[in-house]
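The values are calculated or read from the model by the stated rules, or taken from the named source; none is laboratory data. The shown structure was predicted, so the numbers you read here are calculated from the model rather than taken from an experiment. Note: ideal-geometry Cβ built from the backbone for every residue, glycine included; neighbour counts use all protein chains shown. Note: accessible area is taken over every heavy atom of the protein model, side chains too, but ligands, DNA and RNA are not part of it. Shrake-Rupley method; radii C 1.70, N 1.55, O 1.52, S 1.80 Å.
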Amino acid sequence: RTPFIDLHYDARMEGVVRELAQVAEDGVARLSPLLRHTLTKAVPVVVYPSASEFANTALSAEVIDEGTGGFTEFQRDRVVVPFTGKWDDFRHVLVHELTHAFELNILESANDGASRAPRMPSLWAMEGLAEWASLGEDSTCRTWERDGVLATVMPGLPELESYWTLGARAFYVYKGGQSF
């Protein structure tokens with residue numbers, strides 16, 4: 001346990017657990033001033049030792065496909081990610097998911113600890129902020145934006161609001177939100 005992270009990991013990861021915790025705390029230290037918020041409680045973070053063990057987690061009722069890098073359980077304010085040995089990927093996904101933990105904590109604080117549902121922003125806004133907080137304004141964001149506009153497939157805000165209709169363009173919830 002660290003000041004802001006309650007890390008849960010497999011015993012086989014004992015050799016890297018300090019580094020995992022440091023990446024998480026560094027993420028919190030980066031996000032706190034960026035989002036102008038201090039977490040009011042520790043975030044439970046579950047780290048799986050491989051992508052396949054992550055994909056088979058019982059912590060999600062959903063089927064986790066290979067494109068899912070991690071997730072945040074909104075009901076339990078819990079972050080779940082795999083560690084594949086690729087530190088840059090791990091940092092990106094963890095900071096992305098920690099951004100969601102911050103978003104939920106901010107919403108809860110704004111609503112005096114009561115339900116956050118009445119104040120829940122759009123998915124594209126939450127995912128876009130998480131991508132931006134994790135990666136900044138990166139070249140892939142601008143590339144997707146440019147290609148989407150030129151190919152006239154970039155969804156507008158009304159389409160992003162109803163993301164379930166986007167089909168293969170659903171990644172624009174992330175990249176369109178990040179760009180915005």
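For the chain, the longest principal axis of the C-alpha atoms and the axis of helix 123-135 are separated by about 60°. Averaging the sequence gap over all C-alpha pairs within less than 8 Å and six or more residues apart, then dividing by the number of residues, gives region 1-139 a relative contact order of 23 percent. Solvent-accessible surface of region 9-96, averaged per residue with a 1.4 angstrom probe and all protein chains in place: 57 square angstrom. I'd like the orientation of helix 17-35 relative to the chain: the angle between its Cα long axis and the longest Cα principal axis, in ° from 0 to 90, rounded to 10. Roughly 50 degrees between the two axes. Summary: within the chain, the longest segment free of GluC sites (Glu not before Pro) located in DSSP loops with at most 15 other C-beta atoms within 10 Å is 67-136.
The longest stretch of the chain left intact once loop-based trypsin sites (Lys or Arg not before Pro) with at most 15 other Cβ atoms within 10 Å are removed from consideration, loops following DSSP, is 87-180.
Counting only alpha carbon atoms, the long axis of helix 139-150 and the longest principal axis of the chain meet at about 20°. Beta bridges from DSSP with both residues in region 1-141: antiparallel share about 25 percent, rounded to the nearest 5.
GNM remark for the chain: springs join alpha carbons under 10 Å apart, and the peak mean-square fluctuation among L35, L98, L135 falls on L35. Amide H to amide H distances under 5 Å link V43 with I5, D6, where only residues 5 or more positions off or on other chains count and H is placed in the peptide plane. Per-residue 3J(HN,Hα) values for region 40-57, derived from phi via the Karplus relation 6.51 cos²θ - 1.76 cosθ + 1.60 with θ = phi - 60°, read 8, 7, 5, 9, x, 10, 9, 10, 8, x, 7, 5, 5, 5, 4, 5, 9, 5 Hz in sequence order (x marks Gly and Pro). Other residues whose C-beta falls under 14 angstrom from the C-beta of R18 contribute a net charge of -3, scoring Lys and Arg +1 and Asp and Glu -1. In region 1-154, the portion of solvent-accessible area held by carbon and sulfur atoms comes to 53 percent [1.4 Å probe, whole percent, DNA, RNA and ligands not counted]. Pick out, from V45, Y172, G15, the residue whose Cα sits farthest towards the positive end of the charge dipole of the chain, with +1 on the Cβ of Lys and Arg and -1 on the Cβ of Asp and Glu. Positive-end residue among those listed: V45.
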